[in-house]
Amino acid sequence: MVKYPQGVSPFVSGLKQPQWSKAAPASTAKHRHRRGVNFSDRGMTLEQQLNESNKYYLSQGLAVVHKKPTPVQIVKVDYPKRSRAVIREAYFRQASTTDYNGVYQGYYLDFEAKETRNKSSFPLKNFHPHQISHLQACLDQNGICFTVLKFVTLDRYFIVPASVIIAAWQDPDHSSISLETIVSKSIELECGYRPPLPYLTAVDRLIKDRK
């Protein structure tokens, strides 16, 4: 059992592409089919997709992005076998901020990964005050901040700028962000193979929009 302190629980190949015409030449259609394969149904969670994507980016010398470790204080451990220990109780030493951070082309990246099974909106309760404060602080230092949002049942992925999340979270009249708003204010991604989730294509657009 893991307990949180004070009850707080811790971006153009990757963009959504139009469907290929059925009238395309056979050789071209075959090539395009291979590029259009969606690998998101291979049982990978969003975290796994991002971790594999980060490994690919690192191996290619494109970016250095890692999942942040969360300090844990182990309280109780059982040893059912001499060669194996089982953690029975532990506490997070501090509330986590966001899931990932790193550097890309001289820009600091900081982002959260969220999944929802809702089909029409994203509940803002999935964010915590300290995460919103952290994202705002990073934005104040000119960091590139966003949320990778996955609508599980729709099999759709979005890069949602942190400013969109922060504005919605601070609005007392809203407890969620509609899918319509997310589509209009975010960048939709399409899954691939290497990397599984090419989110840097969306980051390129965030950087371009900033200039």
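Okay, here's what the table says:
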quantity: Amide H contacts of His128 (H built 1.01 Å from N, under 5 Å, at least 5 apart or other chain); calculated: none
quantity: Gain upon complete extension [Glu47, Arg194; 0.36 nm per residue less C-alpha separation]; calculated: 51.4 nm
quantity: 3J(HN,Hα) from dihedral phi, segment 186-196, Karplus parametrisation 6.51/-1.76/1.60, rounded to Hz, x for glycine, proline; calculated: 10, 10, 7, 10, 10, 5, x, 10, 10, x, x
quantity: Extension gain, Arg205 back to Glu115 (0.36 nm per residue minus Cα-Cα distance, nm); calculated: 30.2 nm
quantity: Inter-label distance for Arg84 and Gln136, nm, one decimal - labels placed 7 Å from Cα along Cα-to-Cβ; calculated: 4.7
quantity: Amide H within-cut-off set for Arg156, under 5 Å, with H built and near neighbours excluded; calculated: Phe151
quantity: Label-point separation, Leu62 to Leu154 (7 Å along Cα→Cβ), nm; calculated: 2.5
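No lab work stands behind these numbers, since they all come straight from the coordinates. Quick caveat, the model's predicted, so the values are computed rather than measured. Glycine also receives a Cβ, built like all others from the backbone with ideal geometry; neighbour counts cover every protein chain displayed.
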